[in-house]
């Protein structure tokens, strides 16, 4: 062990990571609008100036939190679909199994974007981050539907996005992670009807 002190850049990156981790925990559990910036700063154990140098404002921190949630969700979905399923048709249905992995995680409170959007100002940072997430979700199902040879890829994607949304809300509101199996079953029926054998 060299005993070398961390550089200012390393300290700054560590403080930024602590702020983002604290924001993620508090914003997801209690809501973006409900959690004041002072609570995030206290939870992260950093100086107030650190927030402003790292993110500029609470809006900047909220944007970073939602972008990190989006990136994590997209990365997990891509990794799990690739590892578990061989064809686009299987991946269309498998997306619901991958989604269901989050339903059993401790502290699961549904979709972070639904929660953040519930009381956000139209046109603000939450709105933009949520729209980016929604675009990704629609493209995920549309691209897979096209690859699978669906007769109407746009319609199938729309149906599967509705099902995905409903499964997430149901798992959270009903505290029932087993809805994943029901959603997967419905998805399989939709995909079988839309994709020629």
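What follows draws every value from the coordinates through simple rules; no lab data is involved. Please read all numbers here as calculations on a predicted model, not as lab measurements. Here the Cβ is made from the backbone with ideal geometry for all residues, glycine too, and neighbour counts use every protein chain on show.
The long axis of helix 179-194 is offset from the longest Cα principal axis of the chain by roughly 50 degrees. Counting only alpha carbon atoms, the long axis of helix 88-103 and the longest principal axis of the chain meet at about 40°.
Rounded to the nearest 0.05, what FRET efficiency do residue 154 and residue 174 have when you use their Cβ-Cβ distance and R0 = 35 Å? For R0 = 35 Å, the calculated efficiency reads 0.70. Using a simple spin-label model with pseudo-atoms 7 Å out from Cα toward Cβ, residue 14 and residue 42 lie 2.4 nm apart. Between 0 and 90 degrees, the angle of helix 8-30 with respect to the longest Cα principal axis of the chain falls at about 50 degrees.
Helical content of the chain, expressed as a calculated mean residue ellipticity at 222 nm, amounts to -25000 deg cm²/dmol (DSSP H runs of 4 or more residues, -39,500 (n - 2.57) each, divided by residue number, nearest 500). Using the Cα coordinates of the chain, the gyration tensor eigenvalues translate into equivalent-ellipsoid semi-axes of 36, 18, 15 Å, sorted from longest to shortest. Hydrodynamic analysis of the range 1-56 uses the Kirkwood radius over alpha carbon pairs. Inserted into Stokes-Einstein at 25 °C and 0.890 mPa s, it gives a translational diffusion coefficient of 205 µm²/s.
Give, in nm to one decimal, the length gained when the segment between residue 182 and residue 78 is fully stretched (0.36 nm per residue of separation minus the Cα-Cα distance). Write out the running numbers ahead of the final one.
Numbers: separation 104, 0.36 × 104 = 37.44 nm, distance 2.19 nm.
That pair, residue 182 and residue 78, stretches by 35.2 nm at full extension.
A Förster radius of 22 Å, combined with the Cβ-Cβ distance separating residue 68 from residue 147, puts the computed FRET efficiency at roughly 0.20.
With neighbour counts taken as other beta-carbon atoms within 10 Å, the residues 40, 46 rank, fewest first, as 46, 40. The modelled label-to-label distance for the pair residue 5/residue 57, using points 7 Å beyond Cα in the direction of Cβ, is 3.5 nm. What separates the Cα centres of the range 149-187 and the range 45-90 is a distance of 22 Å. Go ahead and set up a Gaussian network model of the chain, Cα springs under 10 Å, then flag whichever of 134, 11, 184 fluctuates most. Looking only at 134, 11, 184, the largest GNM fluctuation is found for 11.
Summarising the label geometry, the points placed 7 Å from Cα in the beta-carbon direction at residue 119 and residue 189 lie 3.8 nm from one another.
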